Amino acid sequence: MAGNGDDDSQYRIKEGDYVVLKRGEIFKAVQIQSKKKVIFEKQWFFLDNAVGHLYSTTFEIVTGGILQPQRPKDAESSTNAKEAGTDNRNIVDDGKSQKLTREDIEALKGQGRKGQEIVQQLVENSSTFKDKTEYAQDKYIKKKKKKYENTVTILKPSCRILAMMYHGREPGKICHLRYDTLAQMLTLANIHAGSKVLVFETCAGLVLGSVMERMGGYGSVIQMYPGGGPVRAGVESFGFPAQFHDMLHEFPICHVNALLAGTLDTSAKDPSADSVQSNIAAEEQNQPEAEQQGSPEESMETSGDADGSHDQEKEEKEKRREARAQEKKVKLEEKRKKLAAAAALLEGRNADGLVIASRFHPCPVLMGLLKFLSPSRPFVVYSQYKEPLIECYTKLKEQGGTVSLRLTDTWLRHYQVLPNRTHPLLLMSGGGGYLLSGTTVATADRSKQAGSQQAEEPAPKRLKH
């Protein structure tokens, strides 16, 4: 948040920023880079001219892929109908009402005519346009604008916009997580600044980025990841500043049981480091053998100068091997430090919230990660299907330690809101997935000390609690 109202630099597009391109209901996340060609909706253009303008500005694509800010007068419709029919009963869609041919339209494009001018020509050359009702005329103009106007709007990334982008283009990458369901997850998990949140997700980093955005750079987020490393493609699209990444920690889900059992040794050297060094040593031993292979005639032809050049090549190769080994050692050491830092945060078992949204079965993950939450803390689990969440619900009821368990399904429908024609849209999303939410409570294991103190109190006093 800007402290000074006059400083609007955070609302202006800068080079290197991550932005979202919008045309109609289509979105695409890109980075502003100088002289880089961007392809969006079968059109190419450069984003250089967008630098310095405010976010949410609409640009027109002109010849040469150059962006020009759309003028307010151009944005207003200049094709307001003067005459309109009472109904459409006598209009026949036989394909002969439009006098302009495809060649004429292409000629107008070749002359550099703007989309607004082409739409105006289509309206003037339509023999049935005047007979249409006022609503049908507006619908016709809107349809032609969508087809012929070359405009693009540049938006600032947010969790809502990115969720709509992923759900519209690649819903499988985010487990078909809809943006209204994501909003409920952030609310049910009580995500706020200064809290410590555990996140386990396989939604390309969208859920993780949404949690970080809600926390505003304050607190700590621990990403529990499967496999060899965390996936954060969606987090990069948010374009967070550097201080946001300082609050982000990572911990492999495969080490959770060892951490709970107290057998995880984060100070020990990573065994993969020894294997890396042994592989490099094996390469060094195998390389001379390969170089020594050859016919005796070739070895007779080599001269002293050639031997000197071979020695230089060997030295360069050894230096490159040492540099690669050093880089790997540094990376492994950084990975060990990150693991130790995340383990230190988890060992307190005082996390403030848990968010799970993955393609894996949530039951074993939920049962393991719930042990890191403090009592009276919320958790939420998302699944595209209800059967895994029903199993989680049953297990939690049997195990205890949770209250206010709720399994919900969200329903979303868009409405068209226009004068005298407000109605639900014909097409809607079939389902937004299912959510299991609840609150942790202290169990007998956690409250042994508290229980021993209460046992010393007289019985009547205990009854009053």
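Only one of (1) among the hydroxyl-bearing types (Ser, Thr, Tyr); (2) in a helix (DSSP H, G or I); (3) within 19 Å of Gly24 (Cβ to Cβ) fails for Tyr135. Which number is that?
Going through (1) among the hydroxyl-bearing types (Ser, Thr, Tyr); (2) in a helix (DSSP H, G or I); (3) within 19 Å of Gly24 (Cβ to Cβ) one by one, Tyr135 breaks only (3).
Taking only segment 412-437 into account, find how many residues are open to solvent by 90 Å² or more (accessible area, probe 1.4 Å) and either of a type in the set (S, T, N, Q) or under 19 Å from Ile174 (Cβ atoms) (or both).
Summing the residues that are open to solvent by 90 Å² or more (accessible area, probe 1.4 Å) and either of a type in the set (S, T, N, Q) or under 19 Å from Ile174 (Cβ atoms) (or both) in segment 412-437 gives 1.
Can you tell me which of Ala204, Ala193 is in contact with a helix residue (DSSP H, G or I) (Cβ under 6 Å, 6 or more places away or on another chain) and farther than 29 Å from Gly348 by Cβ?
Matching residue, one of Ala204, Ala193: Ala204.
Take segment 160-178 and flag every residue that is surrounded by 21 or more Cβ atoms within 10 Å (Cβ to Cβ) and either small (Gly, Ala, Ser) or in a helix (DSSP H, G or I) (or both).
Result: Leu162, Ala163, Met165, Tyr166, His167, Ile174.
Consider Asn190 against the criteria (1) of a type in the set (S, T, N, Q); (2) open to solvent by less than 30 Å² (accessible area, probe 1.4 Å); (3) farther than 21 Å from Val19 by Cα: it satisfies all of them except one. Which criterion is unmet?
All conditions are met except number (2).
Can you tell me which of (1) assigned to a helix (DSSP H, G or I); (2) open to solvent by 20 Å² or more (accessible area, probe 1.4 Å); (3) over 19 Å from His361 (Cα atoms) is the one Ser210 doesn't meet?
Result: Ser210 passes all but (2).
Can you list residue pairs whose Cβ atoms sit under 7 Å apart, with the first residue in segment 423-436 being modelled with pLDDT under 90 and the second being surrounded by 15 or more Cβ atoms within 10 Å (Cβ to Cβ) and assigned to a loop (DSSP other than H, G, I, E, B)? Count only pairs 6 or more apart in sequence or on different chains.
Every condition considered, the pairs that remain are Ser429/Arg178; Gly432/Arg178; Gly432/Thr410.
Would you point out the residue of segment 357-369, among those that are out of contact with any Asp or Glu (no Cβ under 7 Å at 6 or more places or on another chain) and buried (at least 20 other Cβ atoms within 10 Å of the Cβ), that is nearest to Gly194 (Cα to Cα)?
Looking at residues that are out of contact with any Asp or Glu (no Cβ under 7 Å at 6 or more places or on another chain) and buried (at least 20 other Cβ atoms within 10 Å of the Cβ), I get Leu369.
Tell me the residue from Tyr135, Tyr148 that is modelled with pLDDT under 80, open to solvent by 30 Å² or more (accessible area, probe 1.4 Å) and among the aromatic types (Phe, Trp, Tyr), please.
After ruling out the rest, the residue left standing is Tyr135.
Can you work out which of the residues in segment 11-31 that are in contact (Cβ under 8 Å) with a residue 40 or more places away in the chain, charged (D, E, K, R) and over 19 Å from Tyr148 (Cβ atoms) is surrounded by the most Cβ atoms within 10 Å (Cβ to Cβ)?
Result: Asp17.
Does Ala136 satisfy the criteria of being hydrophobic (A, V, I, L, M, F, W, C) and farther than 30 Å from Ala343 by Cα?
yes
Return the total of residues in segment 213-232 being over 20 Å from Thr187 (Cα atoms) and surrounded by 14 or more Cβ atoms within 10 Å (Cβ to Cβ).
Here the count works out to 6.
Would you check which residues across segment 341-356 are open to solvent by 30 Å² or more (accessible area, probe 1.4 Å) and more than 30 Å from Ala183 (Cβ to Cβ) and list them?
Ala341, Ala344, Glu347, listed by residue number.
Please tell me if Leu122 is under 27 Å from Arg421 (Cα atoms), touching a helix residue (DSSP H, G or I) at 6+ places or on another chain (Cβ under 9 Å), assigned to a helix (DSSP H, G or I) and open to solvent by less than 90 Å² (accessible area, probe 1.4 Å). Can you show your working first?
Working: under 27 Å from Arg421 (Cα atoms): yes; touching a helix residue (DSSP H, G or I) at 6+ places or on another chain (Cβ under 9 Å): yes; assigned to a helix (DSSP H, G or I): yes; open to solvent by less than 90 Å² (accessible area, probe 1.4 Å): yes.
So Leu122 passes the test.
Taking segment 32-53 on its own, how many of its residues are open to solvent by 50 Å² or more (accessible area, probe 1.4 Å) and touching a strand residue (DSSP E or B) at 6+ places or on another chain (Cβ under 6 Å)?
Total satisfying the criteria: 4.
Could you give me the residue pairs with C-beta distances under 6 Å whose first residue belongs to segment 219-234 and is over 22 Å from Pro157 (Cα atoms) and in a strand (DSSP E or B), whose second residue is open to solvent by 40 Å² or more (accessible area, probe 1.4 Å) and among the β-branched types (Val, Ile, Thr) wherever it lies, and which are 6+ apart or on separate chains?
Close Cβ pairs (under 6 Å, with a partner that is open to solvent by 40 Å² or more (accessible area, probe 1.4 Å) and among the β-branched types (Val, Ile, Thr)) amount to Met224/Ile253.
Give all pairs with beta carbons closer than 8 Å in which a residue from segment 190-202 that is more than 22 Å from Leu177 (Cβ to Cβ) and part of a strand (DSSP E or B) meets a residue that is of a type in the set (Ser, Thr, Tyr) and open to solvent by 10 Å² or more (accessible area, probe 1.4 Å); count only pairs at least 6 apart in sequence or on separate chains.
Lys196/Ser220
The values are calculated or read from the model by the stated rules, or taken from the named source; none is laboratory data. Everything numeric in this text was worked out from a predicted model, so none of it was measured. Neighbour counts run over all protein chains shown; Cβ positions are idealised from the backbone, glycine included. Heavy atoms of the whole protein, side chains included, go into the accessibility calculation; ligands, DNA and RNA do not. Shrake-Rupley method; radii C 1.70, N 1.55, O 1.52, S 1.80 Å.
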